[in-house]
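A short write-up of the structure that comes next.
The values are calculated or read from the model by the stated rules, or taken from the named source; none is laboratory data. Keep in mind that what you see is a predicted model, and the values were worked out from it rather than measured. Only protein heavy atoms, including side chains, enter the accessible area calculation; ligands, DNA and RNA are left aside. Shrake-Rupley method; radii C 1.70, N 1.55, O 1.52, S 1.80 Å.
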Amino acid sequence: MPFPDENAPPTVVAHRPEWQAEFGQLAERLRGALGEDAVAIDHIGSTSVPGLQAKDCIDVQVRVGSLDASRDVARLTGIGFRLRPEPWNTTEVSFGTQCRKRVFAPPVGARSCNVHVREADGPNARFALLFRDYLRADDPARRAWGDFKERLALSVPELSSYGRIKAPAATVLLGAAERWAADVGWSADSGWTAGIGPPSG
């Protein structure tokens with residue numbers, strides 16, 4: 001469920017070029033808090049796909065070697081982020097496997113975002129990257145997904161319901177994404193992925 005300051009109807013807007021720079025600002029702040037424990041920080045979700053309509057909410061994936069609840073919560077709440085406590089923000093099923101995760105909301109009054117902390121080798125981390133890269137590469141799929149989200153936002157004015165209805169549709173789209181991945185030789189560690197890796201030196 002959204003926090004009280006986030007409780008607004010879902011609104012899908014045309015893609016905004018500034019989303020990439022705003023992700024970069026978020027990523028650098030997260031890198032400062034997590035340091036080398038963050039294997040990579042990825043821009044995911046619809047705001048990461050040029051030309052795709054999206055809610056004006058930046059989705060960030062932090063890939064860690066292993067989830068450490070006390071470490072991750074302490075460091076991110078220490079810079080103002082808020083842990084989302086609902087069960088679906090602590091576990092999810094990807095590719096038939098139940099995976100642990102942690103999702104954080106932004107500080108009160110800060111730029112709207114979701115920070116998803118996942119294990120780097122987890123199927124849920126792969127799902128997020130595959131979904132993004134497939135929609136970046138396939139024009140018809142990107143247009144269809146954007147149109148679906150626009151219609152859904154108009155018919156479902158409650159944010160949590162919007163997310164729960166969208167999730168099964170994303171699973172269906174994943175089948176096409178997997179076929180695309182096999183055809184082009186995509187992998188989460190291939191050149192398609194454009195995250196922020198560990199600091200050099």
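When the solvent-accessible area of the stretch 71-131 is split by element, carbon and sulfur atoms take up 57 percent of it, the probe being 1.4 Å.
For the stretch 61-153, the solvent-accessible area of protein heavy atoms averages 43 Å² per residue (probe radius 1.4 Å; ligands and nucleic acids excluded). Rounded to two decimals, the Cα radius of gyration of the chain over 2.2 N^0.38 Å is 0.97. Over the Cα atoms of the stretch 63-105, the radius of gyration divided by the Kirkwood radius equals 0.99; this is the Rg/Rh ratio.
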